[in-house]
Each structure stands twice: as structure tokens, then as C-alpha cells.
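The structure appears right after this line, and notes come after that.
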Amino acid sequence: MHNTRSSDDHILVVQDLVVGFPNKATGSMKEVLHGVSLSLKQGEVLGLVGESGSGKSVFSRSPLRLESPAEIISGSILLDGQELTTKSRREMRAFRGEKIAMVMQDPRSAMDPVFTLGNQLREVVSMHKAPGEEKKRGKADPLRGTYELLKSVGLASPEERCRQYPNEWSRGMLQRALVVMAFCSSPKVLILDEVTSALDPTVSLQILDMIVQLKEEHDAGIILITHDLSVTLEVCDRVTVLQKGSIVETGAVREIFDHPVDPYTSLLVSGMNGDDSRKDQ
């Protein structure tokens, strides 16, 4: 079993997490995560890498307690010292956004097509503003700070663009907006699930640069989930490799690339480098 020691500077510690899908006919559970343990430091970017079916997406939802229809069978998820696996749905609603947030792969499915981007951003900002803050601001636009944030990540004329609807934005710009929305509440942990997989290479690099910029400004811990090992080389401090629901290797990103220990990690690295040996396996 793979274990990661907790430490005072770890903002998120997952220990021996077992997650499965219930079989209503038999009453049994089919495990998809088998004793997963990992940790994340504040200000760190951790890459979670694995092929389709490795359990990445199931894991990504577990710290936010959005794992349904899957269920957490056993294990611990500590966020800022608080155990999440025992929290109620009501308690978790307060945690999401404030303490932990997530951006998923398809930005269009995450946006409501009948509301402008500005309306949707205002809703997020208003959900996380401090008590009495609205009265202090008076008639000032609550999105003023968000406009500056959007401008800093490459969105020209944000006030005008926020009057548009999601279908008027490109996929890349929507993904930028979702990442900005996630950072609006200054979460301690941000989980990014395949946020560049549907984008062209140029836009993907821009999104990754933006993630690094916002991470440094907000000092958040980030888990970047991807099937593409090369993405982790751009932005990650460490990499964890997931295969069939189990962690097979964790290490500094350069160490993983230069000296992979597990055979599966070696296959991922050789595949990224264009080595055809993997095709013969």
C-alpha cells in the first residue's frame, strides 16, 4: 500500500481512501479506488496522472464529497485539519468554494446558457462575500475586482464581454472564466480535472500559465488531474501516478520524468517521448 506522511504544512491529506460503486442487485461494492494516500502543501501544484479508467475522476470528486453515485467505503480526507468524510451535506456546502473548489473538463456544461457570464460571476462572488461587505461597497460593481482578474489572464474588455452569453465565448475563454470563478473565493485547495484536454495546444499552454499565475497570487494548493504526463512538466512540483485505482509512484516532477521507478510510469514517460515500445505491450 502506498502511504504519504502527513505534515503540519500539508493543507490536504488523503489517507487510505477506498471508494466504490454499489451494486443494488447484490448489495456488494465494486471498489474503484484502493487505499489511495496523497498529500498537498499550500502553494504546491500536484499532478495526478493516469489513463482512462485509472480512477482519476472518481478521486477528483471525493474531497468535495461529490462522489455519488460512488461511495466512500473507508479512509480519511483531512482539509486544513478537518475531517471531510464525516461531514454532512450541509456542512460540505459551506466548505465548497470557501475551502475547496473544482473546475471540470467541459466548460460549456458548467455554464448556464440562459444567463450572461456577468450574472453567473456575480452569483459566485455574492455567495462568498463577507457579511456586511455588500453594504460597504454600496452601488459599486461587485465584479470590479473580478474584471481586473479576467484582464490579467488575457480577457480584453471584460466588462463588455461579461454582458455576453456562454455561447458567445470560445471554449478556451470559458475555461479561463471558470478558473477565475474558482479563485474568486480564495479556496485553500483547487482541483482541476482535465481542464486542458479539450483545448488546442496553444490555448492549453495559456491556461496552464494562468493557473501558475493565480496560484502564486492566491497561494492555493492545486491538484492538476490529467492523462497527459507532459502537462505536469509545465506546471507541477510533484506527480502522483494512478493505475487501476492504486497509486504506483509519487515524486518530484523532474525525478519522475528522468528516473521513473514503476513500469507503468516508465510506459507513460516513453509514450510521451514517442517511444513505440508501448504499442507492443
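Could you list, in sequence order, the residues of the stretch 101-112 that are in a helix (DSSP H, G or I) and either buried (at least 17 other Cβ atoms within 10 Å of the Cβ) or under 14 Å from the mean Cα position of the chain (by Cα) (or both)?
Within the stretch 101-112, the first condition is being in a helix (DSSP H, G or I), and the residues that meet it are 107-110.
Of everything in the stretch 101-112, those that are in a helix (DSSP H, G or I) and either buried (at least 17 other Cβ atoms within 10 Å of the Cβ) or under 14 Å from the mean Cα position of the chain (by Cα) (or both) turn out to be Pro107, Ala110.
Give the stretch 74-84 a look and list any residue that's surrounded by 16 or more Cβ atoms within 10 Å (Cβ to Cβ) and free of Cβ contacts under 8 Å to residues at least 60 places away in the same chain, or say none.
Matches in the stretch 74-84: Leu84 only.
Which is hydroxyl-bearing (Ser, Thr, Tyr) and under 19 Å from the mean Cα position of the chain (by Cα), of Ser197, Ser170, Ser266? Steps first, please.
Numbers: Ser170 fails: under 19 Å from the mean Cα position of the chain (by Cα); Ser266 fails: under 19 Å from the mean Cα position of the chain (by Cα).
Unique residue meeting the criteria: Ser197.
Hey, Val32 hits all of (1) crowded, with 18+ Cβ neighbours inside 10 Å; (2) in contact with a Ser or Thr (Cβ under 9 Å, 6 or more places away or on another chain); (3) closer than 30 Å to Phe257 by Cβ but one; which does it fall short on?
(2) is the only condition that Val32 fails.
Taking the residues in the stretch 30-63 that are of a type in the set (Asp, Glu) and under 18 Å from the mean Cα position of the chain (by Cα) as candidates, determine which candidate is nearest to His218 (Cα to Cα).
Residues of the stretch 30-63 of a type in the set (Asp, Glu): 31, 44, 51.
Subset that is under 18 Å from the mean Cα position of the chain (by Cα): 44, 51.
Numbers: Glu44: 11, Glu51: 30 Å.
Among those that are of a type in the set (Asp, Glu) and under 18 Å from the mean Cα position of the chain (by Cα), it is Glu44.
What is the number of the single condition among (1) within 17 Å of the chain's Cα centre (by Cα); (2) buried (at least 16 other Cβ atoms within 10 Å of the Cβ) that Leu66 does not meet?
(2)
Return the residues of the stretch 253-272 that are farther than 16 Å from Glu51 by Cβ and either modelled with pLDDT under 90 or part of a helix (DSSP H, G or I) (or both); say none if nothing qualifies.
Those that are farther than 16 Å from Glu51 by Cβ and either modelled with pLDDT under 90 or part of a helix (DSSP H, G or I) (or both): Val253, Arg254, Glu255, Phe257, Asp258.
So Asp193 fits all but one of (1) of a type in the set (Asp, Glu); (2) modelled with pLDDT of 95 or more; (3) buried (at least 19 other Cβ atoms within 10 Å of the Cβ); what number is the exception?
Failing condition for Asp193: (2).
The values are calculated or read from the model by the stated rules, or taken from the named source; none is laboratory data. These figures come from a predicted structure and were not determined experimentally. With ideal geometry, Cβ positions are generated from the backbone for all residues, glycine too; neighbour counts draw on all protein chains shown.
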